Amino acid sequence: AKAWCRDRNQPFSIHVAEHSDEIEFLQTGGGYCRDLLKSLGRWVSGWNAPGTTPVEYLDSLGALDDGTLLVHAVHMQQSDWEIVFKRGCALCFCPRSNRNLNVGRPDLECSRQYGILACLGTDSLASNQDLYPFAEAEYILNHYPNVHPDDVLFMLTLGGALALKRGDRFGSLAPGRQAAFLAVNLANLQ
């Protein structure tokens, strides 16, 4: 999938470091993920856990570069942040989904400290009550006091456009961009 996206100059999106079961699976080869694969008849015998973090594993496969959009990034170690920064990856945070699944809290502040491009997502209706990015922004403003509102607005607009390699056409009101914008009634957010 990464090669297909790279050949077509398209962004490559992948969920990474979302929950502790993923970490356990890559570290030890055991746990819930292995049991799930076995129950589905999808376990590959002879596969050995790499003993790395998800970010390190993707990096070893050559999947990380400035065309990669990493979704969730909840369980990131210091070395993971450094790899993501070095490779120029973008991050898509879905904090309400993470809360609903009880998988942890992404470190939005750390992405800002590293200067990593970030945007907002909602994940899906399987893990979120709606697909409303403004509700995601409101959640961040109410639960991340160290994240500046300007940064949240950036993640909602130009951050998303840049992460999807569409910053030349979308994400800001500027000459040469699509002249699309919304009026949002914040009183209706819950």
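Structural remarks
- Selection from LEU108, PRO133, SER79, by position along the positive dipole direction of the chain (Cβ): PRO133
- Separation of the stretch 1-62 and the stretch 109-138, taken as the distance between their Cα centroids, equals 22 angstrom.
- Hits among aspartates and glutamates - C-alpha to C-alpha of LYS2 under 14 Å, sequence gap 8 or more where chains match: ASP59, ASP65, ASP66
- Residues of the chain: accessible area per residue with a 1.4 Å probe, Å²: 57
- Reference-scaled alpha-carbon Rg (2.2 N^0.38 Å with N residues) for the stretch 54-113: 1.09
- Folded to 0 to 90 degrees: helix 133-143 orientation relative to the chain principal axis, Cα: 80
- Annotation for the stretch 14-81: trypsin sites (Lys or Arg not before Pro) lying in DSSP loop with at most 10 further Cβ atoms inside 10 Å of their Cβ are ARG42.
- Enclosed volume per residue, in Å³, of the convex hull spanned by Cα atoms of the stretch 38-190: 148
- Percent accessible area from carbon and sulfur atoms, the stretch 12-133, protein chains only, probe 1.4 Å: 51
The values are calculated or read from the model by the stated rules, or taken from the named source; none is laboratory data. If you're wondering where the values come from, they're calculated on a predicted model, not measured in any experiment. Neighbour counts run over all protein chains shown; Cβ positions are idealised from the backbone, glycine included. Heavy atoms of the whole protein, side chains included, go into the accessibility calculation; ligands, DNA and RNA do not. Shrake-Rupley method; radii C 1.70, N 1.55, O 1.52, S 1.80 Å.
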